[in-house]
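Read through the structure below, which is laid out as structure tokens, and then see the notes.
The values are calculated or read from the model by the stated rules, or taken from the named source; none is laboratory data. What you see is a predicted model; the values in this text were computed from it and never measured. Virtual Cβ from ideal backbone geometry, glycine too; neighbours counted across all protein chains shown.
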Amino acid sequence: MSSSTLVIRLGGLASILAGLLYFVGYAGMAELLLPVMSNLGGHVVLGLAGMATLPALVGVLARDTGRSARLGTVGYMLSFIGAAVFSVGNLAEGVFAVEFGVVLFGIGLMILTVGVVLLGLGMRRAKVLPAWAVWPLVIGWVAFLPVANSPVVFGFAFFVLSLLAAGMLGVGWVAVGYALWSEDDTLVRQTTSVR
């Protein structure tokens, strides 16, 4: 197994973990998992999900090998920055109960959403990953952003929508992870050696 294949597969594993953590973290933050996990515990899990997103993005980047051009490059940069800010904000809120963490969480969420959408469009255009792996991720993030905190304001109906959107973005990361993990080694060597 080549080093690029190892990076891609480990990125796939991180992506699957991130997908599961995003859903569980949001459910915890929404206090669905009481008494097992509180709102602050949900923030910690979401912070860990953001941290797992970073190696997942490295795996996607290793698989891409520059094929997604400028759109993908801008998407990667925004996704990395957004995931890092998202993680710091959630961990600050969950571990230290720092109110400023909510601000970082919101800023990171917006940057990460824009980054993932641009990255997804670039990956689809360059056919880096199959459509069944990219579209749930893009649709999940686009659907999640407007309804992320709406249950607090609008009540239970929006809560169901936000939970479905969180589930979709979780499924999206799991699908990307599966696509990366199950990638054929010969195909990876072939695409990384052709420039």
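Spot the failing condition for Val116; the list is (1) crowded, with 19+ Cβ neighbours inside 10 Å; (2) at pLDDT below 95, and only one is missed.
(2)
Can you tell me which condition Ala165 does not meet? The list is (1) at pLDDT 90 or above; (2) touching a Gly at 6+ places or on another chain (Cβ under 8 Å); (3) small (Gly, Ala, Ser), and all the others hold.
(1)
Which residue out of Val95, Val102, Val45 is under 14 Å from the mean Cα position of the chain (by Cα) and either modelled with pLDDT of 95 or more or among the aliphatic types (A, V, I, L, M) (or both)?
On inspection, the qualifying residue turns out to be Val45.
From the list Val128, Val98, Val45, pick out the single residue that is at negative phi, among the hydrophobic types (A, V, I, L, M, F, W, C) and surrounded by fewer than 19 Cβ atoms within 10 Å (Cβ to Cβ). Talk me through it step by step, then tell me what you get.
Numbers: Val128 fails: surrounded by fewer than 19 Cβ atoms within 10 Å (Cβ to Cβ); Val45 fails: surrounded by fewer than 19 Cβ atoms within 10 Å (Cβ to Cβ).
Only one candidate qualifies: Val98.
Among Arg9, Arg63, which is surrounded by 23 or more Cβ atoms within 10 Å (Cβ to Cβ), basic (Lys, Arg), more than 15 Å from the chain's Cα centre (by Cα) and on the phi < 0 side of the Ramachandran plot?
Exactly one of Arg9, Arg63 is surrounded by 23 or more Cβ atoms within 10 Å (Cβ to Cβ), basic (Lys, Arg), more than 15 Å from the chain's Cα centre (by Cα) and on the phi < 0 side of the Ramachandran plot, namely Arg63.
Against the conditions (1) touching a residue at least 60 places away in the same chain (Cβ under 8 Å); (2) not in a helix (DSSP H, G or I), where does Val98 fall short? Just the number, please.
Among (1) touching a residue at least 60 places away in the same chain (Cβ under 8 Å); (2) not in a helix (DSSP H, G or I), Val98 violates only (1).
Among Phe156, Phe144, which is surrounded by fewer than 15 Cβ atoms within 10 Å (Cβ to Cβ) and modelled with pLDDT under 90?
Criteria check complete, one pass: Phe156.
Considering only region 66-87, I want to know if a residue exists there that is touching a His at 6+ places or on another chain (Cβ under 9 Å) and not β-branched (Val, Ile, Thr).
no
Looking at region 49-61, I want the residues that are touching a residue at least 40 places away in the same chain (Cβ under 8 Å) and within 15 Å of Leu91 (Cα to Cα) and have a partner that is part of a helix (DSSP H, G or I) and of a type in the set (S, T, N, Q) with Cβ atoms under 6 Å, at least 6 apart or on another chain. Which pairs are those?
Filtered contacts from region 49-61: Gly50/Ser87.
I'd like to verify a number: residues in region 12-33 that are farther than 25 Å from Leu104 by Cα and either surrounded by fewer than 19 Cβ atoms within 10 Å (Cβ to Cβ) or more than 16 Å from the chain's Cα centre (by Cα) (or both), how many?
Here is the first cut: in region 12-33, the residues farther than 25 Å from Leu104 by Cα are 12-13.
With either surrounded by fewer than 19 Cβ atoms within 10 Å (Cβ to Cβ) or more than 16 Å from the chain's Cα centre (by Cα) (or both) added as a condition, the list becomes 13.
The qualifying residues number 1.
Got at least one residue in region 74-89 being farther than 28 Å from Trp181 by Cα, assigned to a helix (DSSP H, G or I) and not polar (S, T, N, Q)?
yes
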